[in-house]
Every structure is written in C-alpha cells, then in structure tokens.
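Here is the structure we will look at.
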Amino acid sequence: MIPPLYSYVITHNALIGCLLRGLATRRSFTKQTLLPVASELAKTASFLRFPGRLKLPNTTMSSRTLPLLFINLGGEMLYILDQRLHAQNIPADKAKKVMNDIISTMFNKKFLDELFKPQELYSKKALRTVFDRLAHASIMRLNQASMDKLYDLMTMAFKYQVLLCPRPKDILLVSFNHMDAIKEFVKDIPCILTQVDETYQQLIQIYTNLSSGEFQLIRQTLLIFFQDMHIRVSIFLKDKVQNSNGRFVLPTSGPVPYGTQVPGLIRMFNCTGKEVSRLQFSNGGNYNAAIREGSFEIFGDRVTKLGTNMYSVSRPVETLMSGTSTNSAQHAKVNMAPNPLAKEELNLLARLMGGLEVQKPGNADNGFRVNLFATDEEEEEAFISRPDELSYGVIKIQATQDQQASAELAKIMGEFSESGDQSPIVSSKGDDLLAMMDGL
C-alpha cells in the first residue's frame with residue numbers, strides 16, 4: 001500500500017508528465033502556454049523536498065493523532081520532572097504531590113473524553129500552551145527558559161521514538177510504555193490509578209482495531225508535526241544517534257518489524273507459484289528477526305524499549321540550538337503565528353485549557369521552583385540567547401471582542417480576568433485542579 005503522502009506526489013507527477021507529453025506532440029503551444037506547466041513542476045519539486053510545506057488534501061492527516069501525541073509528550077514530561085525533582089533534592093512529599101497533581105490533571109476524564117474525539121492536530125503554539133499549564137498544575141513553578149528546555153526535551157524524545165518505530169503500529173506500544181511508567185508513579189493512589197486504567201481502556205478500544213494504513217497515517221501526521229524541530233540533545237549526541245545539525249541517525253541493525261523477514265533474499269516463482277530459484281544479496285546492515293510481538297493489553301511485555309524512561313540513570317541533559325536551524329526557525333515563525341480565533345484554537349483552548357487550571361500555592365513556603373539547568377546563570381543565559389521564534393510563551397486571546405467567538409470561551413476568559421484573582425485560596429488536596437473541567 002502506498003502511503004497517501006507519496007501517492008499524492010506520484011499522482012501529481014504522473015498528471016504533469018502526461019500533460020507535458022501531450023504538449024510535446026502539438027506545435028501550436030507557445031512559451032506563454034507552457035509557463036503554467038513550468039509553475040506546476042516547480043511546485044512539485046518544492047513539495048518533494050519539503051512535503052510538509054505545501055498544503056495537502058485533508059485526507060493526508062489523521063484525526064486520531066492528538067491523543068497519542070498528548071499522552072506520549074506528557075509521559076516524557078513526567079520522566080524529566082521526576083529526574084529534576086530528585087536531582088534538586090526536593091522533599092519527597094512535595095515531589096510526590098507535584099507528580100500526583102500533574103497526572104491527576106492529565107488524566108481527568110472529561111478532559112480526555114474531549115481529547116479522544118476525532119479531530120485534527122492543533123498548532124504547536126496551542127499545544128505548548130496546554131503543556132505549560134499542565135506543568136504548573138501543582139505547587140511547582142518553572143520559568144520561561146526551563147519551560148522551553150522541558151518542551152524541547154519532550155518533543156525531541158518522542159520524535160526520535162516515532163522515527164525508530166519498526167512498524168507504524170508500534171507507536172501504540174510506545175504509548176503503552178509511557179502509560180506503564182505513569183501507572184507506576186501513582187501505584188499507591190487508587191483514585192488516580194483508576195483514571196489511568198480508564199485511559200488504557202480507551203486506547204485499547206480505539207486503536208487496537210485500526211488497520212496498518214491508519215497507523216501509517218498517524219505516523220505520517222506525527223512526522224509532519226515534528227519535521228522542523230531539530231534541537232540537539234546531549235544524551236542523543238553522546239549516544240551518536242543525533243548529528244550536530246539536530247537530525248537523527250537511523251540504525252542499520254536490530255530487529256526487523258514483527259511479521260517480516262530479514263532482507264537479503266530474493267525468491268523467484270514460475271507462473272504456477274512454484275519457487276524456481278533464489279538469489280542472495282547484502283542488506284548493508286546487521287538485522288535479525290523479531291522474536292515476538294509486543295503486548296497491546298493493559299498488562300504485558302511491550303518488547304520495545306522505545307518510550308521507557310531514559311532518565312532513570314542520572315545523566316546531565318542539555319539542549320542546544322542547531323547551527324543549521326535558521327531556515328527551520330524562520331519557517332516555524334510563519335507556521336506558529338497565533339490565530340486564536342481559528343476553529344482548532346477555539347476548540348482546544350475553550351475545552352481543554354479550562355481543565356488545566358494552574359494551582360496557586362497557599363503560601364510562599366509551599367511553592368518551589370524547579371530549574372532544568374545546572375545553575376541559575378545557565379538558565380538566564382539560555383533565556384537571553386534563545387531565538388524569539390522558538391520561545392513559545394503563552395497564547396493571549398482577545399476572542400471576546402469577536403462576535404463569532406463562542407460563549408463558552410468568553411466565559412472562560414472572564415474567569416481569567418483580574419477579578420478572578422480574588423477567589424479563595426485553593427486547598428492543598430488538589431481538588432480544585434479538576435473543578436473547572438467538571439463544570440464543563
């Protein structure tokens with residue numbers, strides 16, 4: 001089966017090829033007649049080099065990608081925060097509270113019910129806003145530079161995992177690895193554990209019956225989302241799985257996708273289906289057959305290590321701006337320009353942001369700040385040196401001035417007004433974290 005992305009390219013090229021051949025057989029066409037054809041060829045060439053930069057038909061994007069993107073990025077965020085909480089010697093009770101509050105908010109039932117509805121991916125800026133609010137769903141605080149670094153680590157880690165999946169369907173196994181680790185974080189909290197188990201059921205119900213073609217579409221949608229992100233990460237650089245320009249190195253060894261054979265053998269058959277000869281060739285790598293398939297149930301061996309915690313062994317992690325990322329940054333600046341009144345932004349911010357309410361510490365002694373850099377000086381330097389195009393910040397919406405803006409969003413915007421700051425101080429139990437979501 002040809003993936004829709006490449007099918008579109010092939011079809012486009014075939015049509016232009018036929019047109020040119022037709023023109024070549026007729027002498028009545030002038031230079032002016034051929035100019036539109038040349039323009040079409042230029043568009044095709046640009047599309048082949050940068051497939052995500054030409055607007056594609058809606059059929060090339062999966063409407064089932066957002067939940068997997070959110071869960072996997074959320075899992076990576078929890079790995080990083082858990083490592084930093086331990087590295088900075090945060091008291092165990094406070095560290096536990098942060099993890100519990102974030103996971104409880106992340107797996108709120110109404111929040112996930114909205115998230116699992118078929119829908120297109122949202123913009124990078126809107127998704128970043130959701131994770132900014134999620135990271136601050138407890139007593140922990142991150143400043144802008146640390147939040148930028150956190151998001152960079154999350155996105156590059158999941159991008160690497162998507163690239164290395166032997167089969168598109170293995171993205172679901174990566175998601176289950178994240179879910180298994182999250183479940184371990186809250187194994188002693190029954191109410192949150194129930195929320196996580198319900199999400200397992202939703203994943204199994206929705207995704208295990210999808211076809212290989214639908215998973216290919218999900219993988220394609222994720223890669224288009226990640227294609228302009230080339231942040232260098234020290235762990236990847238040291239392991240030599242990432243080049244100095246921020247692009248990943250794909251391995252030429254290891255197990256082949258489950259259900260397939262190791263490349264290196266060509267078999268030829270006659271018209272009756274009988275094998276008549278074999279030809280061996282060098283496959284250029286060191287591959288081996290997959291022993292078994294990973295489990296797609298709540299409990300079981302996932303087989304793949306993609307999606308497990310790579311921070312479980314203490315290693316310093318740095319993110320660096322790629323020296324060749326200027327063009328990508330300029331492109332990102334165009335793509336991520338906020339458009340809060342667009343349909344997808346309204347849907348995301350009206351339905352989801354309301355459920356990710358930032359908790360305000362009851363007093364200064366309860367709250368604390370986490371630094372994702374070795375020192376405060378490094379953090380400040382990173383904030384100053386980071387290009388403006390790559391600092392997401394937080395989206396500010398003035399949607400209430402538009403007559404077509406939804407009343408639901410206007411209500412939420414009102415709750416974020418200055419008058420809302422007079423509300424009673426939230427309790428330490430975290431119940432307020434779900435209050436707005438429960439009211440939707």
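The values are calculated or read from the model by the stated rules, or taken from the named source; none is laboratory data. Keep in mind that this is a model prediction, so the values were computed, not measured. Ideal geometry is used to build each Cβ from the backbone, glycine not excepted, and the neighbour counts take in all protein chains shown. Protein only, heavy atoms only, side chains kept; ligands, DNA and RNA dropped before computing areas. Shrake-Rupley method; radii C 1.70, N 1.55, O 1.52, S 1.80 Å.
A count restricted to segment 86-119 and to residues that are at pLDDT 90 or above and in a loop (DSSP other than H, G, I, E, B) stands at 7.
Can you report the number of residues in segment 56-83 which are in a helix (DSSP H, G or I) and modelled with pLDDT of 90 or more? So that I can check it myself, show each step before the final result.
As a first pass, look at segment 56-83 and keep what is in a helix (DSSP H, G or I): 58-60, 66-83.
Subsequent filtering for residues that are modelled with pLDDT of 90 or more retains 66-83.
Residues in segment 56-83 being in a helix (DSSP H, G or I) and modelled with pLDDT of 90 or more: 18 in total.
Residues of segment 209-266 that are surrounded by fewer than 19 Cβ atoms within 10 Å (Cβ to Cβ), over 28 Å from R64 (Cα atoms) and polar (S, T, N, Q): S234, N243, S244, N245, T252, S253, Q261.
Filtering segment 75-89 down to residues that are closer than 22 Å to D152 by Cα and over 21 Å from the mean Cα position of the chain (by Cα), which residue is most open to solvent (accessible area, probe 1.4 Å)? Top of the filtered list is H86.
Within segment 143-165, the set of residues being open to solvent by less than 20 Å² (accessible area, probe 1.4 Å) and part of a loop (DSSP other than H, G, I, E, B) comprises just one member, C165.
Got a number for residues in segment 174-203 being of a type in the set (A, V, I, L, M, F, W, C), open to solvent by 30 Å² or more (accessible area, probe 1.4 Å) and more than 20 Å from A157 (Cβ to Cβ)?
Step one: list which residues in segment 174-203 are of a type in the set (A, V, I, L, M, F, W, C), which gives 174, 176, 179, 181-182, 185-186, 189, 191-193, 196, 203.
Narrowing the set further to residues that are open to solvent by 30 Å² or more (accessible area, probe 1.4 Å) leaves 185, 189, 191, 193.
Narrowing further to those that are more than 20 Å from A157 (Cβ to Cβ): 189, 191, 193.
Qualifying residue count for the region: 3.
This table checks each residue for (1) of a type in the set (S, T, N, Q); (2) modelled with pLDDT under 95; (3) under 20 Å from the mean Cα position of the chain (by Cα).
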| residue | (1), (2), (3) |
| --- | --- |
| I231 | no, yes, yes |
| P257 | no, yes, no |
| V262 | no, yes, no |
| C271 | no, yes, no |
| F281 | no, yes, no |
| N309 | yes, yes, yes |
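Could you list, in sequence order, all residues of segment 90-99 that are open to solvent by 20 Å² or more (accessible area, probe 1.4 Å) and either more than 14 Å from I189 (Cα to Cα) or not charged (D, E, K, R) (or both)? Let's see the steps before the verdict.
Filtering segment 90-99 down to residues open to solvent by 20 Å² or more (accessible area, probe 1.4 Å) leaves 90-94, 96-97.
Passing the criteria: I90, P91, A92, K94.
Scanning for something part of a helix (DSSP H, G or I), surrounded by 16 or more Cβ atoms within 10 Å (Cβ to Cβ), of a type in the set (G, A, S) and modelled with pLDDT of 90 or more, does segment 41-55 turn up at least one residue? For segment 41-55, residues part of a helix (DSSP H, G or I), surrounded by 16 or more Cβ atoms within 10 Å (Cβ to Cβ), of a type in the set (G, A, S) and modelled with pLDDT of 90 or more: absent.
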